[in-house]
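Only one structure is covered here, and it is reproduced in the block below.
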Amino acid sequence: MSQAFVKENDEQWLHEIPPTLTALINYLTRENNGVRVYETKTSTDTAGKSLHHMSNGLIYFVNDQSQWEIKW
């Protein structure tokens, strides 16, 4: 049986991903139908958090609960 089919319960949410850049890249690449998503640059916000600018046009950071979030 093909692994291309995903069971409903196998979904992951952004906040469930481990707080590492590698895990974020793997998650975003999966969500992008296998098209590689990569970090374009890193910056720091006024609170001292690392902001990861990704090739999908969004900026991600790890919040105080060690979960990934999108900076809007």
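Only one entry of N56, N26 meets the criterion of being in a loop (DSSP other than H, G, I, E, B), open to solvent by less than 90 Å² (accessible area, probe 1.4 Å), modelled with pLDDT of 95 or more and polar (S, T, N, Q), and that entry is N56.
Look at region 52-72: where a residue is within 14 Å of L14 (Cα to Cα) and a partner is part of a loop (DSSP other than H, G, I, E, B) and open to solvent by 60 Å² or more (accessible area, probe 1.4 Å), sitting 6+ places away or on another chain with Cβ atoms under 6 Å, you get V62/P19; S66/P19.
The values are calculated or read from the model by the stated rules, or taken from the named source; none is laboratory data. None of these values were measured; they are calculated from a predicted model. Positions of Cβ are backbone-derived with ideal geometry, glycine not excepted, and every protein chain shown enters the neighbour counts. These area figures cover heavy atoms from the full protein model, side chains too; ligands, DNA and RNA do not enter into them. Shrake-Rupley method; radii C 1.70, N 1.55, O 1.52, S 1.80 Å.
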